[in-house]
């Protein structure tokens, strides 16, 4: 049975068919807002300005994982045998993703996104 060819425009991963794209203006505004959130979060911490600078104790204090997010991280850590460093790094990345979305808590969607980025590293 013959199969019809697919138009390349329908396969393209760039261009007008992406509904989740964010303009650079919107992205910049999100980053500025997230940085302000982090600045406020760490105003009492000496020498700490961003999530990436957090030590493990700070992660425990400022992580704000939902139980579902923590469970997702725990399952992934056990399945893929994460080191403690990787475990805390994922929390920091997911904290930043949550900040970009304006969420006070790290939701499962934020943790899932951070886990996807880990596969790329």
Taking the radius of gyration and the Kirkwood hydrodynamic radius from Cα positions alone, what is the Rg/Rh ratio for segment 23-120, to two decimal places? 0.97
Assertion target for 46, 106, ordered by fewest C-beta neighbours within 10 angstrom first, is 46, 106
Going from the fewest other Cβ atoms within 10 Å to the most, one would list 37, 75 as 75, 37
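Each reported figure results from applying straightforward, stated rules to the coordinates on display, with no laboratory input. No experiment lies behind these values; they were computed from the predicted model shown. Here the Cβ is made from the backbone with ideal geometry for all residues, glycine too, and neighbour counts use every protein chain on show.
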